[in-house]
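Engineer: I have a structure I would like to understand better, so I am pasting it below and will then ask my questions one at a time.
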Amino acid sequence: MVTRLPIRAEFADEAPYGAPQLDVPVTLNVNENPYPPDAELLADIAAAARDAALRLNRYPDRDFMALRQDLADYLAEESGVRVSAAQIWAANGSNEVMLHLLQAFAGPGRCVLSFAPTYSMYPEYARDTFSRWVVGPRREDFTIDVNSARQTITRERPAVILLASPNNPTGTALSRSELEGILDAAVASGPDDGGSEQASSLVVVDEAYAEFRRDGAPSAMELLAQYPHMVVTRTMSKAFGAAGLRLGYLAASQEVVDAVTVVRLPYHLSAVTQAVARAALAHRAPLRRQVAEIRVARDALAQELRVRGLRVAPSDANYLLFGTFPDRHAVWQALLERGVLIREVGPEGWLRVSIGTPEENAAFLVALGEAM
Ligand code: PMP
């Protein structure tokens, strides 16, 4: 029998997204935290998972208020800004949080806007929600020109604006004035939906790497109370060293949380995920010391690359975009042959390396010396 599947045109020639998962000694390609959980945290995770498993025959707490309260407490400590548990939402990675946001606010006939080079998943979220994807440019130094962004926003009337800060793959954080400029431009720039008042564009500030920002770099959390059309997303995948857990979250107005609650699948966060996330959050003191060490290692590695005559984009994250190479693929390949996996991503000529342990960073530098 010959049949043809009714594949949607949007997906017909698409391949699944994903960086190569190769088994090599030094993996510095997906911006993970290089340190596995310590013995104390492991014991607490095991106990928390066991307790959760005692009730595994039951569906989990659909609204996960205990976890949301813990996340609110953590955010208050990290950013100095207190929000209520009802202003927090979480899902399986900030990837899923972002999908919830676009399902609730974007969609057919609506536009999602970002500024490239930026996180390569954004166009996929737009595609998967059948939204129109528009991308504006960043400057040569990877910052956003607010005047030109304002014009694009006015012209395109986006339902959602996605801003990664620090940006992936460049490491660039938005300054407070850039963010305020875009938020102000977005107050009444949303889609025409027939409402009595002109809708805003929802401005999503993706702070997946915020904990690694340099001293003095602001968090968008500081502007949350002032701008109800802003959402801040975060994740436990990076600073918390829990990429395998799959726990991302957002802070926003209660109205935004109500809207995403409509589109979530019932019980989307497993009881085990909720319990393990809470155990990891309770261990934040040692994890935050680790983040401080990674920041120091990042600045040292950036300095070393510059000493070697390379360009390095100033980074507020746990990775560096460096270059430029006439044949970046050859450099990437030569590193891989020496057991070091980094990422071939970003504008032509640049490569991205995640910050690893001191040993991994040293191995990277040796391999790079040989590769060049
Ligand atoms: N946002 C940015 C900018 C990222 O780089 C990543 C991970 N690479 C994510 C979001 C998603 O992270 P997760 O789903 O693990 O929370």
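The values are calculated or read from the model by the stated rules, or taken from the named source; none is laboratory data. Computed from a prediction, not measured in an experiment: that's the story for all the values here. Positions of Cβ are generated from backbone atoms using ideal geometry, with glycine treated the same way; all protein chains shown enter the neighbour counts. Accessible surface is based on the protein model in full, side chains and every heavy atom, while ligands, DNA and RNA are left aside. Shrake-Rupley method; radii C 1.70, N 1.55, O 1.52, S 1.80 Å.
Engineer: All but one of (1) closer than 27 Å to Asn95 by Cβ; (2) assigned to a helix (DSSP H, G or I); (3) at pLDDT 95 or above hold for Arg288, so report the exception by its number.
Structural biologist: So Arg288 meets the others, but not (3).
Engineer: I would also like to ask the following. Within the stretch 86-122, how many residues turn out to be open to solvent by 10 Å² or more (accessible area, probe 1.4 Å) and either within 28 Å of Asn29 (Cβ to Cβ) or in contact with a Cys (Cβ under 7 Å, 6 or more places away or on another chain) (or both)?
Structural biologist: Residues that pass the stated criteria total 11.
Engineer: Of the conditions (1) within 16 Å of the ligand (Cβ to nearest atom); (2) more than 18 Å from the chain's Cα centre (by Cα), Ala282 clears all except one; give me its number.
Structural biologist: Unmet condition: (1).
Engineer: (1) within 16 Å of the ligand (Cβ to nearest atom); (2) under 21 Å from Phe130 (Cα atoms): which one isn't true of Val262, the others all being true?
Structural biologist: It fails just one condition, (1).
Engineer: Answer with yes or no whether Asp258 is open to solvent by 10 Å² or more (accessible area, probe 1.4 Å), closer than 30 Å to Ala104 by Cβ and either modelled with pLDDT of 95 or more or in contact with a Phe, Trp or Tyr (Cβ under 8 Å, 6 or more places away or on another chain) (or both).
Structural biologist: Answer is yes for this residue.
Engineer: Only one residue in Pro137, Pro166 is within 27 Å of Leu28 (Cβ to Cβ) and within 20 Å of the chain's Cα centre (by Cα). Which one?
Structural biologist: Pro166
Engineer: OK, next. Checking Pro266 against (1) outside any loop (DSSP other than H, G, I, E, B); (2) touching a residue at least 40 places away in the same chain (Cβ under 8 Å); (3) surrounded by fewer than 22 Cβ atoms within 10 Å (Cβ to Cβ); (4) of a type outside the set (S, T, N, Q), which single condition isn't satisfied?
Structural biologist: All conditions are met except number (1).
Engineer: Sticking with this structure for a sec: Determine whether the stretch 232-242 contains at least one residue that is touching a Ser or Thr at 6+ places or on another chain (Cβ under 6 Å), under 21 Å from Arg278 (Cα atoms) and among the aliphatic types (A, V, I, L, M).
Structural biologist: Scanning the stretch 232-242 turns up no residue that is touching a Ser or Thr at 6+ places or on another chain (Cβ under 6 Å), under 21 Å from Arg278 (Cα atoms) and among the aliphatic types (A, V, I, L, M).
Engineer: Kindly list the number of the only condition in (1) under 30 Å from Thr357 (Cβ atoms); (2) out of contact with any Pro (no Cβ under 8 Å at 6 or more places or on another chain) that fails for Gly241.
Structural biologist: Unmet condition: (2).
Engineer: On to the next question. Only one of Val2, Val30 is open to solvent by 30 Å² or more (accessible area, probe 1.4 Å) and within 16 Å of the ligand (Cβ to nearest atom). Can you tell me which?
Structural biologist: Of the residues listed, the single one that is open to solvent by 30 Å² or more (accessible area, probe 1.4 Å) and within 16 Å of the ligand (Cβ to nearest atom) is Val30.
Engineer: Something else about it: Report the residue count in the stretch 225-255 for those that are assigned to a helix (DSSP H, G or I) and open to solvent by less than 30 Å² (accessible area, probe 1.4 Å).
Structural biologist: Matching residues across the stretch 225-255 total 0.
Engineer: Within the group Asp184, Asp193, which residue is open to solvent by 40 Å² or more (accessible area, probe 1.4 Å), part of a loop (DSSP other than H, G, I, E, B) and away from the ligand (no atom under 16 Å from the Cβ)?
Structural biologist: Asp193
Engineer: If I ask for residues that are small (Gly, Ala, Ser), away from the ligand (no atom under 16 Å from the Cβ) and either open to solvent by 20 Å² or more (accessible area, probe 1.4 Å) or in contact (Cβ under 8 Å) with a residue 60 or more places away in the chain (or both), which ones from the stretch 164-181 would you list?
Structural biologist: Ser175, Ser177
Engineer: Looking only at the stretch 199-218, count how many residues are open to solvent by 30 Å² or more (accessible area, probe 1.4 Å) and modelled with pLDDT of 95 or more.
Structural biologist: Residues in the stretch 199-218 being open to solvent by 30 Å² or more (accessible area, probe 1.4 Å) and modelled with pLDDT of 95 or more: 3 in total.
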